[in-house]
1. For region 8-16, check the following and say yes or no: at least one residue is at pLDDT 90 or above and touching a helix residue (DSSP H, G or I) at 6+ places or on another chain (Cβ under 8 Å).
2. Could you tell me which numbered condition residue 95 fails, if it satisfies all but one of (1) under 28 Å from residue 216 (Cβ atoms); (2) loosely packed, with under 13 Cβ neighbours inside 10 Å?
3. Scanning for something more than 16 Å from the chain's Cα centre (by Cα) and assigned to a helix (DSSP H, G or I), does region 174-186 turn up at least one residue?
4. Does region 24-31 contain at least one residue that is in the same structural domain as residue 106 (by TED's automatic domain parsing), under 28 Å from residue 142 (Cβ atoms) and either surrounded by fewer than 18 Cβ atoms within 10 Å (Cβ to Cβ) or modelled with pLDDT of 90 or more (or both)?
5. Please enumerate the residues belonging to region 37-75 that are surrounded by fewer than 21 Cβ atoms within 10 Å (Cβ to Cβ), over 22 Å from the mean Cα position of the chain (by Cα) and within 20 Å of residue 109 (Cα to Cα).
6. Looking at (1) exposed (fewer than 15 other Cβ atoms within 10 Å of the Cβ); (2) modelled with pLDDT of 55 or more; (3) not in a loop (DSSP other than H, G, I, E, B), find the lone condition where residue 106 falls short.
7. Output the helices (runs of 4 or more DSSP H) that fall wholly within region 1-91 and possess 3 or more residues being farther than 28 Å from residue 167 by Cβ, or say none.
């Protein structure tokens with residue numbers, strides 16, 4: 001994915017943007033735009049958008065979904081649902097971008113259904129943003145993953161976090177969608193408990209919102225750095241380690257000392 005996207009200055013006189021009901025919807029449009037893939041698509045999942053696009057804004061799912069519906073209403077985005085997941089696609093995306101398909105990854109988000117209307121100003125019936133229909137099997141899998149991760153955190157940090165907290169589930173789901181694994185979560189927990197546990201200044205940060213937030217990947221890479229430092233330190237310790245003198249050298253050394261002492265006695269006498 002590119003580091004950012006171009007926004008044409010014509011956006012300043014956009015009637016569609018002006019017709020949005022709230023400034024919050026306008027803000028969300030600009031905050032989501034840089035995070036799109038090469039086809040101008042993004043997951044339209046409220047927890048995902050909150051964590052990735054507006055991490056410093058404490059917006060509720062209801063507010064995010066209302067903004068998405070408003071953006072769809074004026075046809076600034078297309079909303080569609082496939083395989084129980086909801087996606088968004090910015091309209092006329094390619095008209096305002098200089099895209100390098102040889103440098104960007106291909107879109108992992110499926111194309112919208114061919115029969116989905118693109119000129120309707122009403123949220124399509126099959127897209128229900130407030131209640132995304134997820135299969136029971138999928139919910140069960142996510143819940144078991146969250147439970148395993150939180151249980152491991154509680155064991156390592158000696159705390160008692162709940163795996164049913166909405167914020168905790170949301171953060172873990174976002175990281176899982178970014179293709180991080182359960183082992184990655186455990187590595188982050190291992191690294192940070194080693195650094196922060198029993199440290200009065202930092203122990204309070206051993207919590208899901210800190211560990212599994214936007215710095216997750218940085219914490220994950222700290223694991224490798226710490227291992228390298230330990231190897232270097234061990235090597236330095238080995239180089240400075242005292243090596244005992246072999247027995248046959250000890251005998252030679254003692255004979256030499258005795259000769260020196262005998263000569264000293266002769267001179268003293």
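The values are calculated or read from the model by the stated rules, or taken from the named source; none is laboratory data. Here the structure is a predicted model, which is why all the values come from computation and not from measurement. Note: ideal-geometry Cβ built from the backbone for every residue, glycine included; neighbour counts use all protein chains shown.
1. Within region 8-16, not a single residue is at pLDDT 90 or above and touching a helix residue (DSSP H, G or I) at 6+ places or on another chain (Cβ under 8 Å).
2. (1) is the only condition that residue 95 fails.
3. no
4. Within region 24-31, one or more residues are in the same structural domain as residue 106 (by TED's automatic domain parsing), under 28 Å from residue 142 (Cβ atoms) and either surrounded by fewer than 18 Cβ atoms within 10 Å (Cβ to Cβ) or modelled with pLDDT of 90 or more (or both).
5. 39, 69, 75
6. (3)
7. Answer list for region 1-91: 15-18.
Residue-wise test of (1) in contact with a helix residue (DSSP H, G or I) (Cβ under 7 Å, 6 or more places away or on another chain); (2) loosely packed, with under 15 Cβ neighbours inside 10 Å; (3) at pLDDT 90 or above.
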site: 167; (1), (2), (3): yes, yes, no
site: 176; (1), (2), (3): yes, no, no
site: 208; (1), (2), (3): yes, no, yes
site: 214; (1), (2), (3): no, yes, no
